[in-house]
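Enquirer: Let me give you the structure first, and then I'll get to my questions.
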């Protein structure tokens, strides 16, 4: 996983976006060495959200919801 400061990430933004979309590369963006954001593909984000929903339903079966409803709630924040 790449780690870049904000200024370098800004200068290479197009390249980083293409790398995320095509090769599923993750990039951690830092501000004075502190991670502040992660750039990843929408497909990878969807995969992570799916895994979170499945894990939640396994740990809390009594709170299990319709999968689509849970994902909608998760994506809404």
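Enquirer: Any residue at all in the range 47-65 that's in a helix (DSSP H, G or I), over 14 Å from the mean Cα position of the chain (by Cα), in contact (Cβ under 8 Å) with a residue 12 or more places away in the chain and loosely packed, with under 14 Cβ neighbours inside 10 Å?
Expert: Taking every residue of the range 47-65 in turn, none turns out to be in a helix (DSSP H, G or I), over 14 Å from the mean Cα position of the chain (by Cα), in contact (Cβ under 8 Å) with a residue 12 or more places away in the chain and loosely packed, with under 14 Cβ neighbours inside 10 Å.
Enquirer: With the requirement that a residue be part of a helix (DSSP H, G or I) and either closer than 12 Å to residue 3 by Cβ or touching a residue at least 12 places away in the same chain (Cβ under 8 Å) (or both), what does the range 20-39 give you?
Expert: Scanning the range 20-39 gives 20, 21.
Enquirer: Going residue by residue through the range 6-20, is there one that turns out to be closer than 27 Å to residue 73 by Cβ, in contact with a helix residue (DSSP H, G or I) (Cβ under 9 Å, 6 or more places away or on another chain) and surrounded by 11 or more Cβ atoms within 10 Å (Cβ to Cβ)? Walk me through it before giving the result.
Expert: Taking the range 6-20 first, the residues closer than 27 Å to residue 73 by Cβ are 20.
From the residues that got through so far, the ones that are in contact with a helix residue (DSSP H, G or I) (Cβ under 9 Å, 6 or more places away or on another chain) too are 20.
The next check asks that each one be surrounded by 11 or more Cβ atoms within 10 Å (Cβ to Cβ); those that pass are 20.
For the range 6-20, residues closer than 27 Å to residue 73 by Cβ, in contact with a helix residue (DSSP H, G or I) (Cβ under 9 Å, 6 or more places away or on another chain) and surrounded by 11 or more Cβ atoms within 10 Å (Cβ to Cβ): present.
Enquirer: If you don't mind, another one. Right, residue 16: in a helix (DSSP H, G or I) and either more than 15 Å from residue 3 (Cβ to Cβ) or under 11 Å from the mean Cα position of the chain (by Cα) (or both) or not? Spell out the reasoning first.
Expert: Details: in a helix (DSSP H, G or I): yes; either more than 15 Å from residue 3 (Cβ to Cβ) or under 11 Å from the mean Cα position of the chain (by Cα) (or both): no.
Spelling it out, it is not the case that residue 16 is in a helix (DSSP H, G or I) and either more than 15 Å from residue 3 (Cβ to Cβ) or under 11 Å from the mean Cα position of the chain (by Cα) (or both).
FYI, it's all coordinate maths here, none of it is from the lab. All figures in this text were calculated on a predicted structure; none of them were measured in a lab. All Cβ positions, even for glycine, are placed from backbone atoms using ideal geometry, and neighbour counts span all protein chains on display.
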